[in-house]
Amino acid sequence: MTERRLGGVAVSAATELLVAEGLRRSRGRTFQLAVDRLTLRAGEILCVLGPTGAGKSTLLRLLAGIERPDEGCVTWPGGDGAGRRGRPLLVPQRPLLVTGTVRYNVALGLRFRKTATAELTRLVDRVAERLELTALLDRPARQLSGGETRLVALARALVLEPDVLLVDEPTADLDPGRGALVERVLTETARRRGAGVVWTTHNLFQARRVATTVMLLCGGEVVEVGPAEAFFRTPRTPLARRFLEGELLY
């Protein structure tokens with residue numbers, strides 16, 4: 001079995017990076033997210049699909065530990081027990097940047113880690129080059145477009161080399177070229193470095209391109225989950241077939 005290095009540790013495709021069990025989260029009296037079990041392994045890209053309001057963003061916030069479930073738990077088996085490794089990083093749909101330049105924003109997490117200046121500069125320059133942000137590094141963050149803001153937020157997460165990356169509609173507001181760039185960078189992060197990625201998207205074509213595993217949510221419930229190729233070729237459930245045929249689901 002092929003091994004890769006993740007955070008200085010050898011990992012294989014069987015290595016579990018994230019496990020969620022018995023998750024329940026209520027939204028008022030009518031909505032509840034219910035996920036009995038979810039696992040994410042090294043090198044896996046799990047695309048979470050579903051109509052608007054299905055619970056996709058809520059699931060990411062639970063996996064990131066930003067929201068607490070009413071029931072159940074999320075664990076990061078790859079962590080070091082002190083939260084320095086293993087804990088997922090979330091790039092939300094509407095990321096916020098702080099006052100300062102693009103470089104300052106990308107380096108923010110590294111500054112919290114007290115990374116040495118030379119190493120910090122090297123890492124920021126490298127991730128900026130990967131996401132084609134080098135020309136923007138000295139621009140004030142307040143001058144960025146929505147798509148540029150999204151790319152900077154992604155760079156801010158990637159520069160920390162997380163074991164698990166959670167991305168909520170990461171190519172929304174991006175032109176096709178930048179969208180393809182993000183797909184390529186995130187795919188490389190998973191498949192070359194061995195990180196795990198949970199990726200929400202409404203774009204079925206994108207999910208076909210990038211996913212190794214697919215989960216379909218509808219009304220807060222898991223309709224189907226399994227290997228991406230099988231899901232798109234022969235979905236097991238009538239609801240999944242209707243979703244792939246373009247029917248509106250609620």
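The values are calculated or read from the model by the stated rules, or taken from the named source; none is laboratory data. Everything numeric in this text was worked out from a predicted model, so none of it was measured. Methodologically, a virtual Cβ is constructed for each residue, glycine included, from the backbone with ideal geometry; neighbour enumeration extends over all protein chains shown.
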- [ ] Could you check, for the stretch 212-221, whether at least one of its residues is surrounded by 20 or more Cβ atoms within 10 Å (Cβ to Cβ) and outside any strand (DSSP E or B)?
- [x] yes
Open item on the list: From the list V198, V185, V167, exactly one residue is farther than 25 Å from T52 by Cβ and either outside the structural domain of L63 (by TED's automatic domain parsing) or surrounded by 17 or more Cβ atoms within 10 Å (Cβ to Cβ) (or both). Which is it?
Closed with: V185
Task: Which numbered condition G220 misses (of (1) of a type in the set (G, A, S); (2) over 22 Å from L17 (Cα atoms); (3) in contact with a Ser or Thr (Cβ under 7 Å, 6 or more places away or on another chain)) - done: (3)
Open item on the list: Please count how many residues of the stretch 184-243 are of a type in the set (D, E) and touching a helix residue (DSSP H, G or I) at 6+ places or on another chain (Cβ under 7 Å).
Closed with: 1
Task: Test: residue in the stretch 57-69 that is hydrophobic (A, V, I, L, M, F, W, C), at pLDDT 90 or above, in a loop (DSSP other than H, G, I, E, B) and under 18 Å from the mean Cα position of the chain (by Cα) - done: yes
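Listed here are the residues, each with its yes/no results for (1) of a type in the set (A, V, I, L, M); (2) at pLDDT 95 or above; (3) at positive phi; (4) out of contact with any strand residue (DSSP E or B) (no Cβ under 8 Å at 6 or more places or on another chain).
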residue: R184; (1), (2), (3), (4): no, yes, no, yes
residue: R193; (1), (2), (3), (4): no, no, no, no
residue: A211; (1), (2), (3), (4): yes, yes, no, no
residue: V214; (1), (2), (3), (4): yes, yes, no, no
residue: C218; (1), (2), (3), (4): no, no, no, yes
residue: E221; (1), (2), (3), (4): no, no, no, no
